[in-house]
Amino acid sequence: MGFDIKRFQGDVDEELICPICSGVLEDPLQAPACEHAFCRACITEWISRQPTCPVDRQAVTSSQLRPVPRILRNLLSRLCTSCDNAPHGCNAVLKLDSLASHLVECEYNPKRLMPCEAGCGLVIPKDELAEHNCVRELRALIATQQGKLTDYQQELTEQRLIINEHKRELALLKEFMRAMRVSNPTMRALADQMEREEVVRWANSLSRARVTRWGGMISTPDDVLQMMIKRSLSESGCPPHIIDDLMENCHERRWPPGLSSLETRQNNRRLYEKYVCKRVPGKQAVLVLQCDNTHVDEHMMVEPGLVMIFAHGIE
Amino acid sequence: MANIAAKRIKREFKEVMKSEEVAGGAIKLELVNDSWTELKGQIAGPPDTPYEGGTFLLEIKVPETYPFNPPKIRFMTKIWHPNVSSVTGAICLDILKDQWAAALTLRTVLLSIQALLSAAEPNDPQDAVVAKQYRESPQLFNLTAKHWTNVYAGGPSSIFDFNQKVQLLIDMGIDEHQARVALSTYDWELERATEQLFS
């Protein structure tokens, strides 16, 4: 709906008046063929009742409405008007195009947001400042926040339930796929891919580790040590289908040619720095997973990766 | 009342007051209440019609949804015209119904009603009895319309024959307007009118 014509200084040209509300055009649009211009709000309301131009009744739909020409916009923006808050004491006279920015800052705007100076930190419309009571407002705020908190907690519980259900279903599906892959090559490929992705996800969840003393490597760990490492791997979420293979690969008898003896290890020492190592949580041991180390020579790597246990020197 | 309607009516009221039609006495407009929801209009009967010299009052009611819906207008002055009900004063005019457009104003609407008096539309009648007479005995229609204009709208042409017939029925104890309607309906044949009134 347009601006009240009484707010403007001097005469306003008839061309700048909306034929519907008889105010000065606000955010105008024009009909496509006859080019009659109206306030956006007015013409939208009219077309919702009758899809015609209100002046000459030519057929018009709301999607056909166009912005008015620049010259009309310029003429409108140059009109001088009083502020919306003139009844509240604002004496400013503004060009129509600067009215919006003035209204945001106008001191006389009864709804202008002011910070409470008593210290509650809330921002309140100016006309409500006198009635404002910090304690009451803050209590109301706490009540709503608590309500929200309860809602969120409830939602969290529900989501957890759903996630658990999904996990169970996933486990079943995996079981199903394992049974299928034996006979079906497509299923085998799919299952293999899923397993690979599972390993990558797990690898990404582990933090990087740096080996400061490669000499501290234990190439023949005993069973007790192996059990400890295995438990730690399992707790870190290691996919069950690789955990046994990985643990096998913690002993030099299963290491690749480049690592299998003290001699080859000494020859290849300089290649160690190329390894991307992941920490076995809480242990002086690292994982060198194949998926992290595709850049390493074949004779330094085995599927699905190596477990290297150290006496010390892991960061 | 919605702000937009009151704003429009105020502006239109001024527009009518400044118009040359008001200066020439063709139309008039006055307020009935302070809320701008009800006005009284007045149009002069157009020249070279049976309504010439008459003054016709109109009741104008402005809906809250104005100007998205048309004003509700009816004749308060009784009139004999095919597109105006001789009983209620309801007007059959497309721009007051489905052909209403938001850019029309009280001034243009009053002028359109005045134009309707000059150019009746008997194929889209509001009053079937009047329309039938208009089509079948145009001369009698003209006289009847003149007579009604004289009696109800202050028109100049008094029709002696008609006045006498109405007086006859009044003397028989019939209400004046009832007598006039009956006579007008039966093409001023006294017998048929009487028959209908006493049946």
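What follows is calculated from the coordinates using simple rules that are stated; it is not laboratory data. Remember, predicted model here, so these are calculated numbers, not experimental data. A quick note on method: Cβ atoms are made from the backbone with ideal geometry, for glycine too, and the neighbour counts reach across all protein chains shown.
With a Förster radius of 25 Å applied to the beta-carbon distance between A:M177 and A:D222, the computed FRET efficiency rounds to 0.10. What is region A:207-310's relative contact order, in percent, from Cα pairs under 8 angstrom and six or more apart in sequence? Averaging sequence separation for qualifying contacts and normalising by length gives 34 percent for region A:207-310.
For region B:122-148 versus region A:7-37, the spacing of their alpha-carbon centroids is 44 Å.
Take the Cβ atoms of A:R57 and A:D27, set R0 to 22 Å, and the FRET efficiency comes out at 0.40. Taken over the C-alpha atoms, region A:5-78 has Rg and Dmax values of 12.1, 36 angstrom.
With viscosity 0.890 mPa s and temperature 25 °C, the Kirkwood radius over alpha carbon pairs of region A:207-310 converts through Stokes-Einstein to a diffusion coefficient of 180 µm²/s. With the convex hull of its Cα atoms as the shape, the protein assembly as shown has an orientation-averaged projected area of 50.4 nm².
What does the structure give for A:51-63 when I average, per residue, the other chain Cβ atoms found within 10 Å of the residue Cβ? Provide the component values of the computation, followed by the final result.
On the way: counts 0, 3, 3, 7, 4, 2, 6, 0, 0, 0, 0, 0, 0.
Average per residue, whole number: 2.
Let me have the 222 nm mean residue ellipticity of chain A computed from DSSP H runs of 4+ only, each contributing -39500 (n - 2.57), with the sum over all residues rounded to the nearest 500. Intermediate results must be reported in sequence, preceding the final value.
Values: 8 runs with 123 residues, N = 315.
Roughly -13000 deg cm²/dmol at 222 nm, from the helical runs in chain A.
Full-extension gain between B:F160 and B:Q178, please, as 0.36 nm times their residue separation minus the C-alpha to C-alpha distance. Write down the numbers at each step before the final one.
Working: separation 18, 0.36 × 18 = 6.48 nm, distance 1.83 nm.
Computed gain between B:F160 and B:Q178 is 4.6 nm.
Once the Cβ-Cβ distance of B:Q167 and A:K111 is raised to the sixth power relative to R0 = 51 Å, the FRET efficiency obtained is 0.10.
Sorted by mean Cβ packing within 10 Å, highest first, what order do the peptides B:92-104, A:217-229, A:61-73 take?
For the peptides B:92-104, A:217-229, A:61-73, the packing ranking is B:92-104, A:217-229, A:61-73.
A convex hull fitted to the Cα coordinates of chain B yields 127 cubic angstrom per residue. A straight line joining the Cα centroids of region B:58-97 and region A:80-109 runs 43 Å.
Other chains' Cβ within 10 Å of B:92-101 residues: what's the mean?
Values: counts 0, 0, 0, 1, 0, 0, 1, 3, 4, 10.
Across the residues of B:92-101, the mean count of other-chain Cβ atoms within 10 Å is 2.
Highest mean packing comes first when the peptides A:248-258, A:82-92, A:14-24 are listed by Cβ atoms within 10 Å, giving A:14-24, A:248-258, A:82-92.
When Rg and Dmax are taken over the Cα atoms of region B:128-198, they come to 11.6, 32 Å. Counting 0.36 nm for each residue step from A:Q266 to A:D11 and taking away their Cα separation leaves a gain of 82.1 nm.
Once you've got the Cα coordinates, tell me which of A:K167/A:K283; B:K28/B:K165; A:K174/A:K283; A:K174/A:K230 are over 25 Å apart. Cα-Cα > 25 Å for A:K167/A:K283; B:K28/B:K165; A:K174/A:K283; rest within.
Per 10 Å bin, what is the whole-percent P(r) computed from every C-alpha pair distance within region B:3-118? Spelled out per bin, shortest first, that is 14, 49, 33, 4, 0. Taking region B:73-110 and a reference point 7 angstrom along Cα→Cβ of A:R49, the backbone N atoms nearer than 14 Å belong to B:73, B:95-106.
Principal-axis analysis of the Cα atoms of chain B puts helix B:176-185 at an angle of about 80° to the longest axis.
Could the peptides A:169-181, B:115-127 be put in order, highest first, of the mean number of other beta-carbon atoms found within 10 Å of their residues? Intermediate results must be reported in sequence, preceding the final value.
On the way: A:169-181: 12.4, B:115-127: 16.1.
Result, highest mean Cβ count within 10 Å first: B:115-127, A:169-181.
Distance between the C-alpha centers of region A:186-217 and region A:271-315? Whole Å please. Centre-to-centre (Cα) distance: 10 Å.
In debye, nearest 20, what is the charge dipole magnitude of the protein assembly as shown about its Cα centre with +1 on Lys and Arg Cβ and -1 on Asp and Glu Cβ, if you could check? Each step should come with its number before you reach the end.
Details: 59 positive and 68 negative charges, 428 e Å.
Computed charge dipole of the protein assembly as shown: roughly 2060 debye.
If one takes the longest principal axis of the Cα atoms in chain B, at what angle in degrees, from 0 to 90 and to the nearest 10, does the Cα axis of helix B:106-118 lie? Tilt of helix B:106-118: around 20 degrees.
Averaged over the residues of peptide A:21-29, the number of Cβ atoms from other protein chains lying within 10 Å of each residue's Cβ is 3.
The label-point distance for A:D297 and B:I95, in a model that sets each label 7 Å from Cα toward Cβ, rounds to 9.9 nm. Helix by helix, which DSSP H runs in chain A go 15 Å or more along their axis at the Cα atoms and have an average Kyte-Doolittle hydropathy of -0.5 or more? Answer set is A:223-235. Expressed as an acute angle from 0 to 90° and rounded to the nearest 10, what is the orientation of the C-alpha long axis of helix B:160-171 relative to the principal long axis of chain B? Tilt relative to chain B: about 80 degrees.
Cβ under 11 Å from A:V307's Cβ, A:V307 left aside: what net charge do those residues give with Lys, Arg +1 and Asp, Glu -1? Don't jump to the answer; show the numbers that get you there.
On the way: positive: A:K230, A:R254, A:K278, A:K283; negative: A:D245, A:E248.
Summing Lys and Arg as +1 and Asp and Glu as -1 gives +2.
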